[in-house]
Amino acid sequence: MAICVAVAGATGWAGSAVTRALIQSEEFVLVGAVSRSHAGQDIGEVLGLSPCGVVVAGTVPEALTSACDVLIDYTHPTVVKQHAITALESGVHVVIGTSGLTAQDFEEIDEIARRQGKGVVAAGNFSLTAALAKHFSLMAAQYLGSWEIVEYASQSKVDAPGGTVQELAESLSAIRQPDIFVPRENVIGRPQSRGADIQGTTVHAVRLPGYILGFDVLFGMPDERLTIHHEAGQNASPYVAGTLLAARKVGQVSGIVRGLDTLLFLNNPDQ
Ligand SMILES: NC(=O)c1ccc[n+]([C@@H]2O[C@H](COP(=O)([O-])OP(=O)(O)OC[C@H]3O[C@@H](n4cnc5c(N)ncnc54)[C@H](OP(=O)(O)O)[C@@H]3O)[C@@H](O)[C@H]2O)c1
């Protein structure tokens with residue numbers, strides 16, 4: 001049976017790519033779209049497609065007046081939590097692509113989801129290849145004791161490191177603490193040039209024109225090296241497949257699942 005989905009942020013950079021894919025999919029039915037600036041218009045037309053009969057709502061509660069299984073949110077850090085709570089309290093599962101929620105926000109959302117018997121999948125990066133790069137890095141860290149991360153992004157990216165690398169560094173550090181051969185306090189010269197310490201993992205962030213978004217996880221062993229490299233392009237298509245996968249699976253989840261890699265390997269603990 002088709003999964004009925006509403007998208008909050010349906011006209012944005014990421015949300016519009018997801019909404020286009022939903023309209024064109026046979027597996028999903030788009031039943032709602034939210035954008036304050038395009039309220040009242042047909043979302044198909046707004047996205048440059050044929051009219052699809054779904055009128056853009058100005059708010060999430062309005063969009064959820066039609067029967068809906070899943071709300072996908074690609075809006076803004078200031079509103080995503082309330083959108084998630086509204087959806088869960090209306091008996092709708094939630095897929096969260098919007099960044100900026102804190103650990104405490106996730107705990108609250110998890111509690112409400114469990115109370116309502118609903119699922120939530122939240123990921124700072126819904127790209128399948130980024131999720132796989134993270135998974136392979138975590139596998140490698142089980143066997144290799146020393147690593148550092150280099151993140152590459154355009155000159156205009158203001159946060160450093162970005163959410164994906166922050167999450168990756170934290171997850172790697174949780175597997176084990178990497179070997180540090182010269183402790184920071186013993187570095188001669190400029191210790192800052194050794195990068196940031198994220199729970200034990202050293203991270204270097206490059207910000208330059210000509211770069212879009214990527215990272216290398218560098219594992220070093222005596223006389224050998226392993227590099228796990230990920231690179232994203234300029235458009236939002238990498239996030240579509242992972243978001244749709246989450247929309248497909250969120251009905252089987254109870255409470256919150258964080259990270260696309262966790263969702264991918266949820267039932268395969270040995271992988
Ligand atoms: N998880 C991932 O893989 C991934 C990938 C890409 C982006 N993101 C995250 O997704 C979020 C959106 O990014 P984006 O680049 O798509 O942003 P964007 O282009 O600015 O789009 C934001 C969308 O949300 C709506 N919106 C903005 N503020 C709102 C508010 N206060 N209340 C309700 N709707 C609001 C906008 O429409 P109106 O202004 O008309 O309401 C628009 O449709 C960001 O947090 C970004 O970091 C995550």
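The values are calculated or read from the model by the stated rules, or taken from the named source; none is laboratory data. Treat the numbers as computed from the prediction; the structure is a model and nothing was measured. Reconstructed Cβ throughout: ideal geometry from the backbone, glycine too, with neighbour counts over all protein chains shown.
A few comments on the model shown:
- The stretch 183-215, residues that are hydroxyl-bearing (S, T, Y) and under 14 Å from P161 (Cα atoms): T201, T202
- Checking each residue in the stretch 45-66 for being loosely packed, with under 14 Cβ neighbours inside 10 Å, more than 22 Å from V95 (Cα to Cα) and not charged (D, E, K, R) picks out G48, S50, P51, G53.
- A single entry from R36, R20 fulfils the requirement of being closer than 18 Å to T243 by Cβ and basic (K, R): R20.
- Pairs where the first residue, in the stretch 185-196, is closer than 20 Å to I149 by Cβ and the second is surrounded by fewer than 10 Cβ atoms within 10 Å (Cβ to Cβ) and small (G, A, S), C-beta under 9 Å, 6+ apart: V187/S193
- Candidate set: the stretch 93-127, residues that are under 30 Å from G214 (Cα atoms) and free of Cβ contacts under 8 Å to residues at least 12 places away in the same chain; chosen: the one farthest from the ligand (Cβ to nearest atom): E107
- Selection within the stretch 1-28 - of a type in the set (S, T, N, Q) and either modelled with pLDDT under 95 or farther than 14 Å from V70 by Cβ (or both): T11, S16, Q24
- Count of the stretch 207-216 residues, restricted to those that are surrounded by 14 or more Cβ atoms within 10 Å (Cβ to Cβ) and not hydroxyl-bearing (S, T, Y), is 5.
- Within the stretch 139-159, being aliphatic (A, V, I, L, M), more than 16 Å from the ligand (Cβ to nearest atom), crowded, with 17+ Cβ neighbours inside 10 Å and not in a loop (DSSP other than H, G, I, E, B) holds for A141, I149, V150.
- The listed residue being of a type outside the set (A, V, I, L, M, F, W, C) and surrounded by fewer than 12 Cβ atoms within 10 Å (Cβ to Cβ), out of Q177, Q252, Q234: Q234
- Total residues in the stretch 60-107 satisfying the condition of being closer than 20 Å to V31 by Cβ, of a type in the set (S, T, Y) and out of contact with any His (no Cβ under 8 Å at 6 or more places or on another chain): the figure is 5.
- Pairing each residue of the stretch 165-181 that is under 16 Å from G259 (Cα atoms) and assigned by TED's automatic domain parsing to the domain that holds D216 with any residue that is modelled with pLDDT under 95 and buried (at least 19 other Cβ atoms within 10 Å of the Cβ), provided the two are 6+ apart or on different chains, yields C-beta distances under 6 Å for E167/G124.
- Of the helices (runs of 4 or more DSSP H) lying entirely inside the stretch 1-92, those carrying at least 1 residues that are within 15 Å of the ligand (Cβ to nearest atom), touching a residue at least 60 places away in the same chain (Cβ under 8 Å) and under 17 Å from the mean Cα position of the chain (by Cα) are 13-24, 80-89.
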